[in-house]
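Chemist: Structure provided below as structure tokens; questions to follow.
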Amino acid sequence: MLALAPDASSLRAAQSLASGGSWPLAGAGDGDAVWGECLGSAATPYRTAVDLSGPAYRCSCPSRKFPCKHALALLLLWSGGGIANHAAAPEWAATWLRGVRGGGEPPRDRGVPGGRPPGPAQLRRAQQREARVAAGLAELDRWLRDQVRQGLAASQRAGYRHWDEIAARLVDAQAPGLAERLRALAAVPHSGPGWEGRLLEEYALLRLLATAYRAQPALSPAQRDTIRSRIGFTVRQAEVLASATPVRDRWHVLARRDLDQDRIRTRRVWLRGARTGRFALVLSFAAVGESLDNSLTIGTVTDADLAFYPAAVPLRALVATRYDTVKAGAPAGAAIGGLLTEYATALGQDPWLDTWPALLEVTPARVPLPCVSDAAGGALPLHPGAADCWPLFALSGGRPVTVAGEWTPRGLWPLTAWAQGGMVVRL
Amino acid sequence: MSEPEGRGAAWTEERRRSDEGRKHLEGAPEASGRTLSTWDLVTASLIGTERSAVPTAGTPGVLIPDLASPGQDPAAVLLDRAALLTAARRAGRRPDQAELPPVCELDSRPVVRPAAARRLARMLRGEHPDLLAEWLAAVAARGLRLPPQLLPALLDRARRGRSADGSVARLVAEAGGPRVRWLAGLNPDWEFVLAESLAGEEAWRLGTASQRRAYLTALRAHDPGAARELITGGWAAAGPEERVMFVSVVAEGLSLADEPLLEAALDDGAAFVRKMAAEVLAALPGSALSQRMAERARRWLRMEEGPRGPRLVFFPPAGSDAAMRRDGITPSSGPRASQSADQTGLMLETVARTPLRTWTEEFGMTAAQIVAVPAGDWAPSLFIGWCRAAFSQRDQEWVTALINRALTGWALVTGALAELSRLIRQADPRLGAPDVLPGPVPEAPLALRHEIEVLRFRYEMLKELAHDHGDG
């Protein structure tokens, strides 16, 4: 069910609303429907209804996300058994449900691609958001300059609240992407030697994002998409599926990484097309403790259409149509020089890219630091967070192995390796 | 550059560590005032632009347009330059150099199948860890090789549990082969395993207790006489722990030729050596001890026909004599043990050392029939005694009968469960195959269900290692 969430921030917002206290009125029944009134920031409660057979959603809130956090919260509450069955839906919910089921054509209030063009109310909301984001970015820019003016040396003694406060203001400014980036920075001053340089780099890239947002008119549409998605403007899945040209290929499922942040688990699955040579990233989200999407199995090859989100360097994608999945051996790994060139080219389009898919043919080594080395003699360090990665080392026995992982400015994070004979090993 | 006040040694240390960070960051030996490096900006940003000027020099290879207009906030200028340098540094990264490790010699044995590798990973995460040694021994015995990616976790595990169970370290060394020795050469934490890699006679002369045992067991399997000679020759010099090990090795491939050695061990100075010798002798068909035990057992335990069918009745002896004690039948421990506790002890010890054939021959019934005969208050001790006998005599018919009995509703006393647990770890793993054993009765305790689960786990783990393994 949580796979319905358009992004992690919606899910997080929904979780905080998914308690009985936020819903003075809530019920389920009338065929397959859930409805409720949610106390929000507005004077009157938002009215939310979900037709489970669709599923179709309706909410009186101004959010442009689809489904919105209220609809998600209602579903969470319902699936947790927090909503009792009611004999009849209130009039407003019943009317909408009749509309959905009656004519076959649900009343498309919002969020359905190919539906009506945005009405004046939607345009006004969009403009309001742009204004809020612009104000939030101006505030972020001031904050960043203050940090540099006063000196970063104090950051090591500052608690996480130092970043949480500015992050919270950016959430209010409807820039959740930036907020997440800022929250993650609280760990940097404790990330070992060289933290000062890493913190400055992150601050510099954040200011670059603020500057780039202001400079949007001078940029290409793809660059604008990149900037907006990094700030936290989401593109609906339905919109991606409707507008992107599907890329059909035999996608090798290379690697997977799950990250927990703020009660939300994010799963990153990396794919590589056999024909196109393109990399793709499929994201899924779940609450901590719940299971994540398992449909892409490491080591298999899936023949599928992928729809890429619009970006200067398109990586994130949705599986639009899946035709077939077969077992596969090891993919062909590249040399280190090739990886670095690819990454450099991508950075030219998107300087904020700090996680890049790596598929290498390398020998792990430990001197002078845990690293991997290729046939040309070049080496890349392992990410300090990936520890010593002894399993990768043991697997290689001093011979080259194919490794898939994430390349970051701090080093390679190995995730998958293929043993002799092609057996896939998750690290 | 002047140092900010009040920082002193901590500041110097921070600088020093940061300098290391810089070398790592830049990959260049020196970035002095002539060219602008990220580090110059980091230094300025640490102090703050309130107290430090923004460095302005150019950087080779990076074209920095003069973004700063007059009067612009120095902090903004610094951040913009840092952004450019960050992108340039990330994009311009060159590969480092590394020193490759030696290449490990190849192991021609096939690696275990992926399902078996997954099971090993589960065991290492804490699922039935006590079965690890059996699993490792089965891998080694079938000429298979351990999955290399799990060797680090196995070595850590063997290191932690080294004193408790030395056999894991030896089995990891054996089934891991050259890859284990290669890893041990690269991580001092794992060097201990090299001592477990001795082969042949060296293992006997210089090896650890576990290796000596393994050597002797292997020798016993293909030349029982040679093993017996080695034991006889080493007996006088061996400590009690090793003498127990000797006796337990002799228990495999037992023949009447072993009787003199074991009879002599009945007079050993250490009680647990005597006990073990008595158990092994009881398992030896035709041994004098087994005949003495059978004679006592027939006298003390009889089947009587009652109004509701047959029942077992015990006629305990008045006390123990020297001959009984020599054969391992000792009264209950504790000087003030009650008479009934004493009799329970005698009965238990007697049954535990009586050849199980005695009962089937005497009563003309199968093991399954005998264990089902009511025995009143004696039933728990009788069950424990039979469990011990089945364990030391490795009698699968009795093992099966006793496990079945436990599953079909008889309330187990605590001591019986411990015996059963031992039995289940030695039982033929085929008993764990689906539908071989009846499901436990509804009121069966959780601990019993757990024991049956152990049997199932053993069955599955050994089945995974059998014949055709998928990948070379």
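The values are calculated or read from the model by the stated rules, or taken from the named source; none is laboratory data. The structure displayed is predicted, hence computed values, not measured ones. Because the Cβ atoms are built from the backbone with ideal geometry, glycine has one as well, and the counts that use them run over all protein chains shown.
Chemist: How many residues are at negative phi and not in a strand (DSSP E or B) when one looks only at segment A:294-310? Break it down stepwise before answering.
Modeler: Quick first cut of segment A:294-310, residues at negative phi only: A:294-298, A:300-310.
Still in the running and not in a strand (DSSP E or B): A:294-298, A:309-310.
Qualifying residue count, segment A:294-310: 7.
Chemist: If you don't mind, another one. So which helices (runs of 4 or more DSSP H) stay within segment B:172-240 end to end and still have 3 or more residues that are modelled with pLDDT of 90 or more and either within 21 Å of B:V103 (Cα to Cα) or within 25 Å of the chain's Cα centre (by Cα) (or both)?
Modeler: Values: elements: B:178-184, B:200-206, B:209-222, B:224-234.
It comes to B:178-184.
Chemist: Taking the conditions exactly as written (more than 11 Å from every other protein chain (Cβ to nearest Cβ), at pLDDT 95 or above and under 21 Å from A:V269 (Cβ atoms)), does A:G405 satisfy them or not?
Modeler: Spelling it out, A:G405 is indeed more than 11 Å from every other protein chain (Cβ to nearest Cβ), at pLDDT 95 or above and under 21 Å from A:V269 (Cβ atoms).
Chemist: Looking at (1) in contact with a strand residue (DSSP E or B) (Cβ under 9 Å, 6 or more places away or on another chain); (2) under 26 Å from A:P370 (Cβ atoms), which is the one condition that is false for B:P102?
Modeler: (1)
Chemist: Ok, one more. Based on this model, can you work out whether B:R160 counts as more than 7 Å from every other protein chain (Cβ to nearest Cβ) and either farther than 27 Å from A:R366 by Cα or not hydrophobic (A, V, I, L, M, F, W, C) (or both)?
Modeler: yes
Chemist: Hey, can you tell me all the residues within segment A:277-311 that are surrounded by fewer than 20 Cβ atoms within 10 Å (Cβ to Cβ) and in contact with a Ser or Thr (Cβ under 7 Å, 6 or more places away or on another chain)?
Modeler: Across segment A:277-311, the qualifying residues are A:L283, A:L292, A:D293, A:I298, A:T300, A:D305.
Conditions tested, residue by residue: (1) in the same structural domain as A:R278 (by TED's automatic domain parsing); (2) assigned to a strand (DSSP E or B); (3) among the hydroxyl-bearing types (S, T, Y).
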position: A:Y323; (1), (2), (3): yes, yes, yes
position: A:Y343; (1), (2), (3): no, no, yes
position: A:L347; (1), (2), (3): no, no, no
position: A:L359; (1), (2), (3): no, yes, no
position: A:V362; (1), (2), (3): no, yes, no
position: A:V372; (1), (2), (3): no, yes, no
position: A:A375; (1), (2), (3): no, no, no
position: A:A379; (1), (2), (3): no, yes, no
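Chemist: Looking at segment A:324-340 only, could you name the residues that are β-branched (V, I, T) and more than 12 Å from chain B (Cβ to nearest Cβ)?
Modeler: If the condition is that a residue be β-branched (V, I, T) and more than 12 Å from chain B (Cβ to nearest Cβ), then A:T325, A:V326 are the ones that fit.
Chemist: Taking the conditions exactly as written (closer than 24 Å to A:C68 by Cα and touching a residue at least 24 places away in the same chain (Cβ under 8 Å)), does A:A186 satisfy them or not?
Modeler: no
Chemist: Now for a separate question. With among the β-branched types (V, I, T) and at the interface with chain A (Cβ under 8 Å from one of its Cβ atoms) as the only criterion, which of B:V139, B:V172, B:V111 stands out?
Modeler: Just a single option satisfies the conditions, and that option is B:V111.
Chemist: If you go through segment B:350-369 one residue at a time, how many are surrounded by 15 or more Cβ atoms within 10 Å (Cβ to Cβ) and among the acidic types (D, E)?
Modeler: Number of matching residues: 1.
Chemist: Do the conditions hold for B:A209, that is, is it among the small types (G, A, S) and buried (at least 17 other Cβ atoms within 10 Å of the Cβ)?
Modeler: Numbers: among the small types (G, A, S): yes; buried (at least 17 other Cβ atoms within 10 Å of the Cβ): no.
So B:A209 fails the test.
Each row is one residue, and each column tells you yes or no for (1) modelled with pLDDT of 80 or more; (2) within 22 Å of A:S229 (Cα to Cα); (3) out of contact with any helix residue (DSSP H, G or I) (no Cβ under 6 Å at 6 or more places or on another chain).
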| residue | (1), (2), (3) |
| --- | --- |
| A:Q156 | no, no, no |
| A:Y160 | yes, no, no |
| A:D172 | yes, yes, yes |
| A:A212 | yes, yes, no |
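Chemist: Hey, another quick one. Looking at B:G225 and the list (1) surrounded by 14 or more Cβ atoms within 10 Å (Cβ to Cβ); (2) touching a residue at least 24 places away in the same chain (Cβ under 8 Å); (3) not acidic (D, E), which single condition is not satisfied?
Modeler: Of everything listed in (1) surrounded by 14 or more Cβ atoms within 10 Å (Cβ to Cβ); (2) touching a residue at least 24 places away in the same chain (Cβ under 8 Å); (3) not acidic (D, E), B:G225 misses just condition (1).
Chemist: Testing A:T226 on (1) in contact with an Asp or Glu (Cβ under 7 Å, 6 or more places away or on another chain); (2) among the β-branched types (V, I, T); (3) surrounded by fewer than 19 Cβ atoms within 10 Å (Cβ to Cβ), one condition comes back false. Which one is that?
Modeler: (3)
Chemist: Please work out if A:R101 is assigned to a loop (DSSP other than H, G, I, E, B), surrounded by 16 or more Cβ atoms within 10 Å (Cβ to Cβ), modelled with pLDDT under 70 and of a type in the set (K, R). Walk me through how you get there before you give the answer.
Modeler: On the way: assigned to a loop (DSSP other than H, G, I, E, B): no; surrounded by 16 or more Cβ atoms within 10 Å (Cβ to Cβ): yes; modelled with pLDDT under 70: yes; of a type in the set (K, R): yes.
For A:R101, the condition - assigned to a loop (DSSP other than H, G, I, E, B), surrounded by 16 or more Cβ atoms within 10 Å (Cβ to Cβ), modelled with pLDDT under 70 and of a type in the set (K, R) - is not met.
Chemist: Right, next: Return yes when B:D130 is within 14 Å of chain A (Cβ to nearest Cβ) and either of a type in the set (D, E, K, R) or in contact with a Lys or Arg (Cβ under 6 Å, 6 or more places away or on another chain) (or both) and no when it is not.
Modeler: Here the answer is no, as B:D130 does not meet what is asked.
Chemist: Please name all residue pairs, on different chains or six or more residues apart, with Cβ atoms under 6 Å, provided the first residue is in segment A:374-399 and is facing chain B (nearest Cβ under 8 Å) and closer than 10 Å to A:P364 by Cβ and the second residue is in a helix (DSSP H, G or I) and among the hydrophobic types (A, V, I, L, M, F, W, C).
Modeler: A:A394/B:L151; A:A394/B:L183
Chemist: Here are some residues: B:L186, B:L216, B:L254. Which one is within 14 Å of chain A (Cβ to nearest Cβ) and crowded, with 16+ Cβ neighbours inside 10 Å?
Modeler: Values: B:L216 fails: within 14 Å of chain A (Cβ to nearest Cβ); B:L254 fails: within 14 Å of chain A (Cβ to nearest Cβ).
Criteria check complete, one pass: B:L186.
Per-residue answers, yes or no, for (1) modelled with pLDDT under 90; (2) surrounded by fewer than 13 Cβ atoms within 10 Å (Cβ to Cβ); (3) aromatic (F, W, Y):
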{"position": "B:A265", "(1), (2), (3)": "no, no, no"}
{"position": "B:A283", "(1), (2), (3)": "yes, no, no"}
{"position": "B:S287", "(1), (2), (3)": "yes, no, no"}
{"position": "B:P307", "(1), (2), (3)": "yes, yes, no"}
{"position": "B:F315", "(1), (2), (3)": "yes, yes, yes"}
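Chemist: Still on this structure, please answer the following. List every residue pair whose Cβ atoms lie under 6 Å apart, where the two residues are 6 or more positions apart in sequence or sit on different chains, the first residue falls within segment A:143-159 and is facing another protein chain (nearest Cβ under 7 Å), and the second residue, located anywhere, is not in a helix (DSSP H, G or I).
Modeler: A:R145/B:D73; A:V148/B:T49; A:R149/B:G48; A:R149/B:T49; A:R149/B:E50; A:Q150/B:G48; A:G151/B:G48
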